[in-house]
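First comes the structure, then the notes that go with it.
The values are calculated or read from the model by the stated rules, or taken from the named source; none is laboratory data. Everything numeric in this text was worked out from a predicted model, so none of it was measured. Ideal geometry is used to build each Cβ from the backbone, glycine not excepted, and the neighbour counts take in all protein chains shown.
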Amino acid sequence: MAAPDTLRTDDWWRDAAIYQVYPRSFADGDGDGTGDLAGVRARLPYLAELGVDAIWFTPWYASPLVDGGYDVADYRTIDPAFGTLAEAEKLIAEARDLGLRVIIDIVPNHVSDQHAWFRAALAAGPGSPERARFHFRPGRGENGELPPNDWPSQFSGNTWTRVPDGEWYLHLFTPEQPDLNWSHPDVRREHEEVLRFWFERGVAGVRIDSAALLTKDPELRDFIDGVDPHPYIDQDDIHDIYRSWRAIADEYGGVFVGEVWLPDPERFARYLRPDELHTAFNFNFLTCPWEADRLRRTIDDTLAEHAPVGAPATWVLCNHDVTRTVTRYGRDDTGFDFAKKRFGTRTDPTLGTRRARAAALLTLALPGSVYLYQGEELGLPEADIPRDRIQDPMHFRSGGTDPGRDGCRVPIPWEAEAPAYGFGTDPGREPWLPQPDDWARYAVDRQAADPGSMLTLYRTALELRRTEAGFGDGPLGWLPSPEGVLAFARAEGLLCVANLSGDPVPLPPHTDILLASDELPAHGTIPPDTAVWLRT
Ligand code: GLC
């Protein structure tokens, strides 16, 4: 069931708009309170109408869902809560018929502790070939009671867990996510087969989770921050893995997007060399505060770091791990930092929404591909989840100080008047995470009919981005502008001007106003926190 060539052979990914679906929270087709593939299939026309080119699904495989599916028990099975493999195949085909490509998520750094390999490793005992696929070690201290090294976790807390026979195993995330040993040939082979398995089923791309963490210092040495080279982030030998993956992707015309959190632009760009990954998420842009000079610097650095390797940039404002954009932009500190997440941080939703609208036009005008996270097109804010309903392990591992990531994972409101805002098919069933009481105003049906809604803004902007040849991949030239204003030209006489200053600024000369993020006053100015697209 290979996809037709029209969806496969071009450079679509160089300037695609890609929509991230978090299946658990998108739409519930079987009425059990959890989103699923049936729900997605029923809502595919919505995504086609929104005007995106592809859908990235966060993990949908069999999983105990300890970390929202990033704890994979079996890559060749869909989790029963989401559906079946046959349904996934149907979904891929139906999406293709609507012109939507499918990108799946592969989590190569670790598996679930329920994965057959890890269960076999536990059963087989110390020194066994089954344990060699993971990082099992004796402990330190007189009786092996201390962990084998001092590595910090990606999720706060410990990185080693002791099993009853006394050995310890490494997990950069939760204990339910044991790290794989990437110097083991089985690990390499298995992932290559998994890639083929999904490419054979017609997926167009793969998002690679925690893509810079796979290989480890061979001796698992201790780490002194600021002194030693990092023992598990961005090891040089990781690139061999991606070269072999690229050869497989090329056989199928598939593409990769790596989750590469690396501040060093030169190290980041190595992942995007022509024989490695096609693209990687631009987290420097995602974490950047709403300040003109810092955004401009981030945009320039991004374009400069991608140019030598010929890879297109990606632009991302949010995803399933970070605070929703409208909430973040309404705060005093408009940047994003995992370490700074706290309960009760004050925000101004009106201001945040205004800025998020301007940010949407800014982002969609930049050269490269762009990612939207479900609900971003609805302007959903971060929800406050009552403490007794929080599920995210990040919250628990922080000792309860970090609210975790559930606030951006709340089920989508589809219908203003329906129970659970139309998320599910069973009116009596509560969604797996509670939805705020005042979300009717964000519902798709309400916004679809409103010319001033965030949804209408996204639909219009995505359509212009598709039809105006100057957007997408290609050059960008900065224009002289007042302080606090970002103004740049794209090909074909297109201009984007975003006013991040506190005062109105004059509209530059133009022939047409294509779109504005908010109403423009009659006297030819751009109000604060507003962006416009112009033709000259
Ligand atoms: C990535 C995912 C995140 C997950 C983690 C561990 O950062 O985006 O959701 O918890 O990897 O797999």
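Laid out as a table, the results:
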quantity: Boolean, Leu272 is in the same structural domain as Gly404 (by TED's automatic domain parsing), part of a loop (DSSP other than H, G, I, E, B), in contact with a strand residue (DSSP E or B) (Cβ under 9 Å, 6 or more places away or on another chain) and not small (Gly, Ala, Ser); calculated: yes
quantity: In the range 83-135, the residues that are over 28 Å from Ala212 (Cβ atoms) and touching a Ser or Thr at 6+ places or on another chain (Cβ under 8 Å); calculated: Leu85
quantity: Conditions (1) among the acidic types (Asp, Glu); (2) more than 24 Å from Arg459 (Cβ to Cβ); (3) out of contact with any strand residue (DSSP E or B) (no Cβ under 7 Å at 6 or more places or on another chain); number of the one not met by Asp97; calculated: (2)
quantity: Criterion (touching a Pro at 6+ places or on another chain (Cβ under 7 Å) and more than 16 Å from the ligand (Cβ to nearest atom)) met by exactly one of Gly344, Gly310; calculated: Gly310
quantity: Test: residue in the range 183-199 that is under 26 Å from Asp67 (Cα atoms), aromatic (Phe, Trp, Tyr) and not assigned by TED's automatic domain parsing to the domain that holds Phe283; calculated: no
quantity: Unmet criterion (only one of (1) within 16 Å of the ligand (Cβ to nearest atom); (2) without any contact (Cβ under 8 Å) to a residue 60 or more places away in the chain; (3) in contact with a Gly (Cβ under 6 Å, 6 or more places away or on another chain); (4) not small (Gly, Ala, Ser)) for Trp261; calculated: (3)
quantity: Residues (assigned to a loop (DSSP other than H, G, I, E, B), hydrophobic (A, V, I, L, M, F, W, C) and either farther than 24 Å from Lys340 by Cβ or away from the ligand (no atom under 16 Å from the Cβ) (or both)) located in the range 141-183; calculated: Val163, Trp182
quantity: Residues (under 21 Å from the mean Cα position of the chain (by Cα) and either outside any loop (DSSP other than H, G, I, E, B) or buried (at least 21 other Cβ atoms within 10 Å of the Cβ) (or both)) located in the range 211-233; calculated: Ala211, Ala212, Leu213, Leu214
quantity: Failed criterion for Gly335 (all others in (1) more than 16 Å from Phe26 (Cβ to Cβ); (2) in a helix (DSSP H, G or I); (3) more than 16 Å from the ligand (Cβ to nearest atom) hold); calculated: (2)
quantity: Tabulated pairs, the range 43-58, first charged (D, E, K, R), second within 16 Å of the ligand (Cβ to nearest atom) and modelled with pLDDT of 95 or more, C-beta under 8 angstrom, 6+ apart or interchain; calculated: Arg43/Phe26; Asp53/Ile18
quantity: Which listed residue, of Leu380, Leu351, Leu362, Leu366, is part of a loop (DSSP other than H, G, I, E, B), over 29 Å from Thr159 (Cβ atoms), over 17 Å from the mean Cα position of the chain (by Cα) and more than 16 Å from the ligand (Cβ to nearest atom); calculated: Leu366
quantity: Identity of the residue in the range 120-140, out of contact with any Phe, Trp or Tyr (no Cβ under 6 Å at 6 or more places or on another chain) and of a type in the set (Lys, Arg), that ends up nearest to the ligand (Cβ to nearest atom); calculated: Arg131
quantity: Looking only at the range 469-526, and only at residues there that are assigned to a strand (DSSP E or B) and more than 33 Å from the chain's Cα centre (by Cα), the one that is surrounded by the fewest Cβ atoms within 10 Å (Cβ to Cβ); calculated: Asp512
quantity: Filter pass, Thr425 being of a type in the set (Val, Ile, Thr), in a helix (DSSP H, G or I) and either more than 23 Å from Ala17 (Cα to Cα) or under 27 Å from the mean Cα position of the chain (by Cα) (or both); calculated: no
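Here is a yes/no grid of residues against (1) closer than 28 Å to Val326 by Cα; (2) surrounded by fewer than 18 Cβ atoms within 10 Å (Cβ to Cβ); (3) polar (S, T, N, Q); (4) at pLDDT 95 or above:
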{"site": "Pro265", "(1), (2), (3), (4)": "yes, yes, no, no"}
{"site": "Arg270", "(1), (2), (3), (4)": "no, no, no, yes"}
{"site": "Thr279", "(1), (2), (3), (4)": "yes, no, yes, yes"}
{"site": "Cys288", "(1), (2), (3), (4)": "yes, no, no, yes"}
{"site": "Ile299", "(1), (2), (3), (4)": "yes, no, no, yes"}
{"site": "Thr302", "(1), (2), (3), (4)": "yes, no, yes, yes"}
{"site": "Val309", "(1), (2), (3), (4)": "no, yes, no, yes"}
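Quick grid of which residues meet (1) in contact with a Ser or Thr (Cβ under 7 Å, 6 or more places away or on another chain); (2) free of Cβ contacts under 8 Å to residues at least 40 places away in the same chain; (3) among the β-branched types (Val, Ile, Thr):
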{"site": "Asp388", "(1), (2), (3)": "no, yes, no"}
{"site": "Asp392", "(1), (2), (3)": "no, no, no"}
{"site": "Phe396", "(1), (2), (3)": "no, yes, no"}
{"site": "Ile412", "(1), (2), (3)": "yes, no, yes"}
{"site": "Glu415", "(1), (2), (3)": "no, yes, no"}
{"site": "Arg441", "(1), (2), (3)": "no, yes, no"}
{"site": "Arg446", "(1), (2), (3)": "no, yes, no"}
{"site": "Thr456", "(1), (2), (3)": "no, yes, yes"}
